[in-house]
1. Please identify the pairs in which a residue from the range 99-112 that is under 9 Å from VAL62 (Cα atoms) and in contact (Cβ under 8 Å) with a residue 40 or more places away in the chain has its Cβ atom under 8 Å from the Cβ atom of a residue that is β-branched (Val, Ile, Thr) and assigned to a loop (DSSP other than H, G, I, E, B), counting only partners at least 6 apart or on another chain.
2. Considering the range 47-69 alone, what residues qualify as being at pLDDT below 90, part of a helix (DSSP H, G or I) and buried (at least 18 other Cβ atoms within 10 Å of the Cβ)?
3. Against the definition (loosely packed, with under 12 Cβ neighbours inside 10 Å, of a type outside the set (Asp, Glu) and in a loop (DSSP other than H, G, I, E, B)), how does ARG100 come out, yes or no?
4. Quick check on the range 29-46. Is at least one of its residues touching a Ser or Thr at 6+ places or on another chain (Cβ under 6 Å) and either hydrophobic (A, V, I, L, M, F, W, C) or assigned to a loop (DSSP other than H, G, I, E, B) (or both)?
5. Can you name every residue in the range 120-139 that is closer than 14 Å to LEU99 by Cα, surrounded by fewer than 20 Cβ atoms within 10 Å (Cβ to Cβ) and either under 15 Å from the mean Cα position of the chain (by Cα) or not small (Gly, Ala, Ser) (or both)?
6. Which one is modelled with the highest pLDDT, of the residues in the range 107-134 that are over 25 Å from GLY13 (Cβ atoms) and part of a loop (DSSP other than H, G, I, E, B)?
Amino acid sequence: MTTPPDETKAATGMTADGLRRLIVEEVPLAVAIGVEVVSIGGGKAALRLPRGGPITRPGAMVSGPSMMAVADMAMYAAILGLNASDKAAVTSNFAMTFLRAAEPADIVAEAEVIRMGRRLIYLQTYVYSGDDRAPIAHATGTYARPGGPPRP
């Protein structure tokens, strides 16, 4: 459940096209590994990482760092889907549990804002392999929103 604070209720979220432009213009890692936008909006986002290429490790498996990258990027996208002006938000905490090996298929990371506070945003992401809806990984993260209220 997403609980935006009063000052962001009127905020405008980024669209899928806006996120695609942002990736091309400002997120070179996402371009390098081929991240694709599946959906964005309402505090949720889904990104796809195509099978093969730089994300593969020996044994034709998807590498853990690749899954971590797309999960983190999906969290960032979920934030932007609520408030496009939060582009300066940065990861302050990230933890991932790998649940099982990925099938040799595209990877999809589905992120959701759990709570959006004035300074911190809490999120979770499930990572799936292909059409299998049993998650292969689960991540939790916290993003910091620069420019919050000053410290006492």
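The values are calculated or read from the model by the stated rules, or taken from the named source; none is laboratory data. Quick caveat, the model's predicted, so the values are computed rather than measured. Cβ coordinates were reconstructed from backbone atoms using ideal geometry, including for glycine residues, and neighbour counts include every protein chain displayed.
1. Every condition considered, the pairs that remain are ALA101/ILE136; ALA102/ILE136; ILE107/ILE136.
2. Residue satisfying the conditions is ILE55 alone.
3. On the way: loosely packed, with under 12 Cβ neighbours inside 10 Å: yes; of a type outside the set (Asp, Glu): yes; in a loop (DSSP other than H, G, I, E, B): yes.
So ARG100 fits the description; yes.
4. The initial filter retains those residues of the range 29-46 that are touching a Ser or Thr at 6+ places or on another chain (Cβ under 6 Å), namely 43, 46.
If we keep only those that are either hydrophobic (A, V, I, L, M, F, W, C) or assigned to a loop (DSSP other than H, G, I, E, B) (or both) too, we end up with 43, 46.
Yes, that holds for at least one residue.
5. First, the residues of the range 120-139 that are closer than 14 Å to LEU99 by Cα: 125-129, 132-139.
Imposing the further condition that a residue be surrounded by fewer than 20 Cβ atoms within 10 Å (Cβ to Cβ) reduces the set to 132-135, 138.
The answer is ASP132, ARG133, PRO135, HIS138.
6. Of the range 107-134, the ones over 25 Å from GLY13 (Cβ atoms) are 129-134.
Remaining after also requiring part of a loop (DSSP other than H, G, I, E, B): 130-134.
On the way: GLY130: 85, ASP131: 86, ASP132: 85, ARG133: 89, ALA134: 93.
Only one residue tops the list, namely ALA134.
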